[in-house]
Ligand SMILES: [Zn+2]
């Protein structure tokens with residue numbers, strides 16, 4: 001595991017630049033069709049796919065097409081703080097990602113959770129209203 005001192009030394013060499021404004025992306029789950037909406041706060045690399053918070057399926061990037069224009073972003077892509085990065089000292093893949101210009105995804109502070117009416121699914125979804133409710137409550141607890 002990398003020492004805290006080495007981590008801090010490498011962290012100091014990261015150049016942090018703000019992203020252009022309103023750089024919003026959405027990720028649609030291939031299983032439950034839940035759409036996660038994100039915003040880039042810093043410049044950097046983001047992945048093409050993520051694990052779905054709802055069901056563990058694979059959520060695929062829309063490549064910065066906003067599929068849910070009425071929904072507020074719930075997570076933000078950032079260069080993590082040094083404190084956040086310390087949690088990943090034993091995770092070389094995560095550290096490599098960050099030290100190679102990758103961004104870190106975190107929940108936006110103050111995001112109010114998700115009323116069922118605000119769950120935004122892709123239009124091809126065949127999810128029932130009951131499933132919407134279940135997804136909304138799971139997402140809100142994360
Ligand atoms: Zn899902």
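Counting beta carbons within 10 Å around each of 67, 109 and listing the fewest first gives the order 109, 67.
One Cα centroid belongs to segment 23-42, the other to segment 84-98; the line between them spans 22 Å.
Every number in this text was worked out from the coordinates using simple rules, so none of it is lab data. Keep in mind the model is a prediction, meaning the values are calculated, not measured. Every residue, glycine as well, gets a Cβ built from its backbone with ideal geometry; the counts of neighbours run over all protein chains shown.
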